[in-house]
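The values are calculated or read from the model by the stated rules, or taken from the named source; none is laboratory data. Every value quoted in this text rests on a predicted model; they were computed, and no experiment measured them. Cβ atoms come from the backbone with ideal geometry, glycine included; neighbour counts cover every protein chain shown. Only protein heavy atoms, including side chains, enter the accessible area calculation; ligands, DNA and RNA are left aside. Shrake-Rupley method; radii C 1.70, N 1.55, O 1.52, S 1.80 Å.
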Amino acid sequence: MQRYIPRSLEPVLKKAASESPAVVLTGPRQSGKTTLLKTLFSDQCGYVSLETPDIRASALEDPRGFLEMYPAPIIYDEVQHAPHLLPYIKERIDAQRGVAGQYFLTGSQNLLLMERITESLAGRAAMLRLLPLSTREAAGNPHARLPWEKGKSTGMATQVPYLDMWRGFLQGGYPELAANPDRDISLWHASYVQTYLERDVRTLRQIGDLSQFQAFLRALAARSAQLLNVTDLARDLGVAVNTVRSWISVLEATYQVFVLRPYFANVGKRLVKTPKVFFTDVGTLCYLTGLKDPRHAAAGPMAGPLMETAVLSEILKTLTHRGQDPQIYFWRTASGLEVDMVVEAGDALVPIEVKLSATPRPAFARAVKTFRKDLGPRALPGYVVHPGDIRLSLGSDVTALPFAEL
């Protein structure tokens, strides 16, 4: 039996189940949605997967009879395959007003599912997201806090061998790989991407040739963490600009990428408006860019993007698994001065730089200090995250922070 890894979302999910008639858990394929729901609720819920063709056909042919056959409380897995069930689920919820925890619905396609949920279950469903494992979850500290959260210890390990960190990047955060460390990483990711293309991408609109879409995936991965020039990408692929934009929206809708948009504030400088695109899972990024060896990953041209992806992914997963909607940006002036990430923390802003050198130097803090000067009281003390094991002050209100302590 596969080892279960506790998730940060557990208390949020339990609370939602005690308050809402339905809970909708979305996230990328294989992020652990089904395992999490079964672990928490299998003793009180039935389970049925709507990905199975005959089950799906049964639900389509007679929705009311299907819901009678598989009554609440129930986990309906991959409900995006049977969205026509949602109005009938609403009918049953309305007949049992005030009863929480009736329906648990999972889905791996946020775009289409959200449209149907908004239409059918508005006000009746709690919406939560489960991404692949964060580093703190994989390390057994699912409720560890982020460094800037007042009065809270991160609870994270302070030292991780340098190459082990890069091996972790190659593996990524999908629970199956974390629970089975002897699995062939490249083979698993190859299978994952193929399954994603065949089961998720082809069911969404605007997708024609899957092989062309796969070429787009790899081309986008090579541009990870850079300012995204959609026109150049479209020209290289030989497709229309609007096609590239629609494909990026498909990747967003299926949680494969996170679009990092620039932070705007009236600071008297002209800021860059072009976004960046990051893959949600650093292991997926490694696979798509052909990386298989930790030394090659650490020393090659993708080392910087991998490190930035790992830092962004950790923050994104940590906040998302608390039931929050993370507000993360980057800040870059027209002159090229840049802070890699700006995280909204309440009404304040946390600036974060990412560096590849394991030997932090005061010069690394320049962009963070400029950001804090320009943004004034809203800007909290900042961090320079690096792959080493040294925590060090880099001057007034800027700390060099090992990735392992993030």
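How much area per residue is accessible in the chain when the probe is 1.4 Å and only protein heavy atoms are counted (Å²)? Spell out each step's value before the answer.
Numbers: 17490 Å² over 406 residues.
Ligands and nucleic acids excluded, the result is 43 Å² per residue.
Roughly to the nearest percent, how much of the accessible area of region 287-406 is carbon and sulfur, given a 1.4 Å probe?
It is 50 percent, rounded to a whole number.
Assuming a ≥ b ≥ c are the square roots of the Cα gyration tensor eigenvalues, decide whether region 297-351 counts as rounded (a/c under 1.5), prolate (otherwise, with a/b larger than b/c) or oblate.
Details: a/c = 3.67, a/b = 1.26, b/c = 2.92.
In terms of gyration-tensor shape, oblate.
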Practice task
May I ask for log10 I(q)/I(0) of region 348-389 at q = 0.24, 0.31 Å⁻¹, from a Debye sum over the Cα atoms as equal point scatterers with solvent left out?
Solution key: -0.76, -1.04
Practice task
Would you work out which of Gln96, Gly140, Leu130 lies farthest towards the positive end of the dipole of region 1-145? Charges go on Cβ: Lys and Arg +1, Asp and Glu -1.
Solution key: Gly140
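What translational diffusion coefficient, in µm²/s and rounded to a whole number, does the Stokes-Einstein relation yield for region 300-406 at 4 °C and a viscosity of 1.567 mPa s, taking the hydrodynamic radius as the Kirkwood radius over Cα pairs? Can you show the working numbers first?
Working: Rh = 14.1 Å.
Stokes-Einstein gives a translational diffusion coefficient of 92 µm²/s.
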Practice task
With an 8 Å cut-off on Cα pairs and a minimum separation of 6 or more residues, tell me the relative contact order of the chain in percent.
Solution key: 16 percent
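How large is Rg over Rh for the chain, taking Rg from the Cα atoms and Rh as the Kirkwood inverse mean of 1/r across Cα pairs?
0.98
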Problem - Cα principal axis extents for region 214-268, largest first, Å - result: 40, 24, 20
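How big is D for region 209-348, in µm² s⁻¹ as a whole number, if Stokes-Einstein is applied with the Kirkwood radius of its Cα pairs at 37 °C and 0.692 mPa s? Could the numbers behind the result be given before it?
Values: Rh = 16.1 Å.
Translational D for this selection: 204 µm²/s.
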Exercise for the section: Compute the whole-percent fraction of alpha carbon pairs in region 1-135 spaced more than 24 Å apart. Expected result: 22 percent
Handout entry: Eligible aspartates and glutamates near Lys369 by straight Cα distance, threshold 12 Å, same-chain separation 8 or greater
Key = Glu338, Glu353, Asp397
Exercise for the section: Using Cα positions and a limit of under 13 Å, work out the aspartates and glutamates in reach of Lys317, with same-chain residues fewer than 8 apart set aside. Expected result: Glu137, Asp281, Asp325
Practice task
Under a cut-off of 12 Å between alpha-carbon atoms, report the aspartates and glutamates in cross-link reach of Lys38, not counting same-chain residues fewer than 8 places apart.
Solution key: Glu10, Asp77
